[in-house]
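Let me begin by presenting the structure, written as structure tokens, before commenting on it.
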Amino acid sequence: MGSAVSRPKSAPAMATRQVVLLVGSAARLVEAVEASGGQAQVADSGEAPELLRRLGPSVACVVCENPGLLPELRKGEYKQIFTIAMDEALADDPLRRLGAFAQGARMVSAGPSFVEKAVAQALEVARQVGPFACPGCGLCLSEDALHLHMHFHHAVENLPKAPCPICGEQEGSVAVHVHNRHGPSDAREPPSAPYATFAWCVCRHPDGRFLLVNEPAGISGGRPGFWLPAGRVDHGESLQEACVREALEEAGVAVRVTGVLRMMVDSQQTLRVVFLAEPEDPAAQPKSIPDWESVGAMWVTVEELQKLKAEHYRHPDPAELFPPVAAGKLQPHPVDTAAFVELEALIRRLTKGERKAAKELDRVWQNVVSTYPASVFQR
Ligand SMILES: [Zn+2]
Ligand SMILES: [Zn+2]
């Protein structure tokens, strides 16, 4: 007989969550789950709650079409389970999409390609057991896994105020702190450029739909409210480069700029430029795996947009910008004028922190103002 201290070599050091529960038509993902090293369990909607109670602590992920199962998964220990609603009709309808997030889906996706990747990621995170407890769900992970997990798993909700589980520091949002102070250095946010200016992207599909982003809950009132791809111009970037980058990061869509719609200067003299863009590949599916940048994105028609209310947005700019663009009332202006080309070159120098560049701003801006119609400069 073996002594009490001996243990079979194959026994894992600590239990990890490696079961993926596939509910209803998600059963078609069995092979993909197994290819990612997970253990697939299949159930119909009726069986799922009981199976979940039995398997709870070993479940990494639940994939289901019907989000009715999800509210139960928000409680207690179930909070550590990554929940995916996979349904085309759900993912492509903005209100139903928000409804699925409100019911407890951590990800909403039209089809299996993104879901397979997300399941693999949930399994990989769960394998990296470590000493750092997530302040949102208590899952104990390595530093790198926690860094990935916090935005992947919790992009749809506000995290409680808590000290950093890695270094103990408490400053502002624990999610932002962990993202920028810990984990792989190339996955952190670069420091802000020394000059603040912003690019917004109104991306119109050739079929007339527009690109809408679900913003991370932490910057959107605690739920993934809608907005358009937009953000601050990075170090050494031009406005158009920032517009393209933000569309790729927040919506997963490669775009090209086709014109400028608005140039807005606020009371702090901060410039925000709204570009019109189109997708490089009209068949490209917007992203649906949550991360630091967004919870996902979708194409929306103007008719669907008109069903949304102010509370469904981070800010209702899409409701103000998309309909007049669709109706031809808000027209794009060229970005290849001498004045705009000069502005872009100057923005690149300003965001690099070139002090001399600031002295040229007035002249370059006056040139832009005299080149474009006054309506471009309205808010
Ligand atoms: Zn967590
Ligand atoms: Zn820390």
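The values are calculated or read from the model by the stated rules, or taken from the named source; none is laboratory data. Here the structure is a predicted model, which is why all the values come from computation and not from measurement. Cβ coordinates were reconstructed from backbone atoms using ideal geometry, including for glycine residues, and neighbour counts include every protein chain displayed.
Quick one: in the range 299-322, which of the residues that are part of a loop (DSSP other than H, G, I, E, B) and more than 20 Å from the chain's Cα centre (by Cα) is farthest from R223 (Cα to Cα)? Break it down into steps so the answer makes sense when it comes.
Of all residues in the range 299-322, those part of a loop (DSSP other than H, G, I, E, B) come to 301, 306-309, 314-316.
Those left that are additionally more than 20 Å from the chain's Cα centre (by Cα): 301, 306-307, 309.
Details: T301: 22, Q306: 20, K307: 18, K309: 14 Å.
Taking the candidates together, the pick is T301.
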Check your understanding: Considering the range 230-256 alone, what residues qualify as being crowded, with 21+ Cβ neighbours inside 10 Å and of a type in the set (A, V, I, L, M)?
Key -> A230, V233, L239, A242, V244, A247, A251, V253, V255
**Study point:** Hits in the range 136-156 (condition: more than 11 Å from ligand 1 (Cβ to nearest atom) and not small (G, A, S))
**Key:** E143, D144, H147, V156
Review point. Cβ-Cβ below 8 Å, separation at least six or inter-chain, first residue in the range 148-166 and farther than 18 Å from I84 by Cα, second away from ligand 2 (no atom under 14 Å from the Cβ): which pairs?
Key: N158/A217; N158/G218; N158/G222; L159/G136; L159/G218; P160/G136
Practice item. Hey, can you tell me all the residues within the range 75-95 that are modelled with pLDDT under 95, part of a helix (DSSP H, G or I) and under 19 Å from the mean Cα position of the chain (by Cα)? Key: E88, L90, A91
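Before we move on, is D207 acidic (D, E), over 30 Å from L350 (Cα atoms), modelled with pLDDT of 95 or more and not in a loop (DSSP other than H, G, I, E, B)?
Details: acidic (D, E): yes; over 30 Å from L350 (Cα atoms): yes; modelled with pLDDT of 95 or more: yes; not in a loop (DSSP other than H, G, I, E, B): no.
Taking the combined requirement at face value, the residue does not satisfy it.
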Review point. Looking at the range 141-167, which of its residues are within 16 Å of ligand 2 (Cβ to nearest atom) and not in a helix (DSSP H, G or I)?
Key: L141, S142, L159, P160, K161, A162, P163, C164, P165, I166, C167
